[in-house]
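*Asks:* So that we are looking at the same thing, I have put the structure below in structure tokens.
The values are calculated or read from the model by the stated rules, or taken from the named source; none is laboratory data. The structure presented is a predicted model; accordingly, all values stated were derived computationally and were not measured. No Cβ is skipped: glycine too gets one built from the backbone with ideal geometry, and neighbour counts run over all protein chains shown. All accessible areas refer to the heavy atoms of the entire protein, side chains included, with ligands and DNA or RNA removed. Shrake-Rupley method; radii C 1.70, N 1.55, O 1.52, S 1.80 Å.
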Amino acid sequence: MANADRVLDCLMEVVAGLARFPERGSHPRELAALGITDYRQTAFKPYRVTYRGLGRRVVIYLIVDGRREMHSVLARRLLGA
């Protein structure tokens, strides 16, 4: 339970940072290789947070263990493939 609380605290810090500076994240290399630059990512290891800035809002699309094979995860979750 303590580990889950720590992960949640870290996630909340990441989200708060995105609310202030949404452009600071990098483009996921798996998507950038396809020419898709609508999404950005930030990390708190081992997790990757994939999001998109929409005006004054930040929409989080994916929080995933970054040790997973990301091509299929991103294609399935973000591109509907």
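*Asks:* Applying the selection to region 45-65, what residues are assigned to a strand (DSSP E or B) and either modelled with pLDDT under 85 or among the charged types (D, E, K, R) (or both)?
*Replies:* Arg48, Arg52, Arg57, Asp65
*Asks:* Going by the structure shown, is Arg68 in a loop (DSSP other than H, G, I, E, B), charged (D, E, K, R) and either free of Cβ contacts under 8 Å to residues at least 60 places away in the same chain or open to solvent by 80 Å² or more (accessible area, probe 1.4 Å) (or both)?
*Replies:* Yes; evaluated as a whole, the condition is true for this residue.
*Asks:* Find all pairs meeting these conditions: Cβ atoms under 8 angstrom apart; at least six residues apart or on different chains; first residue within region 28-47 and farther than 15 Å from Met12 by Cα and open to solvent by 60 Å² or more (accessible area, probe 1.4 Å); second residue at pLDDT 90 or above and outside any loop (DSSP other than H, G, I, E, B).
*Replies:* Asp38/Arg52
*Asks:* Looking only at region 8-27, count every residue that is surrounded by 13 or more Cβ atoms within 10 Å (Cβ to Cβ) and within 15 Å of Phe44 (Cα to Cα) and tell me the total. First the steps, then the outcome.
*Replies:* First pass over region 8-27, keeping only residues surrounded by 13 or more Cβ atoms within 10 Å (Cβ to Cβ): 10-11, 14-15, 17-18, 22, 25, 27.
Now restrict to residues that are within 15 Å of Phe44 (Cα to Cα): 10-11, 14-15, 17-18, 25.
Qualifying residue count for the region: 7.
*Asks:* For region 71-81, give me the residue count where each residue is outside any loop (DSSP other than H, G, I, E, B) and among the aliphatic types (A, V, I, L, M).
*Replies:* Number of matching residues: 4.
*Asks:* So in region 7-44, with the set limited to residues that are more than 15 Å from the chain's Cα centre (by Cα) and modelled with pLDDT under 90, which one is farthest from Val73 (Cα to Cα)?
*Replies:* My answer is Arg20.
*Asks:* Okay, moving on. With Thr37, Thr42 as the choices, which residue is in contact with a helix residue (DSSP H, G or I) (Cβ under 7 Å, 6 or more places away or on another chain) and of a type outside the set (A, V, I, L, M, F, W, C)?
*Replies:* Thr42 is the lone residue from the list that is in contact with a helix residue (DSSP H, G or I) (Cβ under 7 Å, 6 or more places away or on another chain) and of a type outside the set (A, V, I, L, M, F, W, C).
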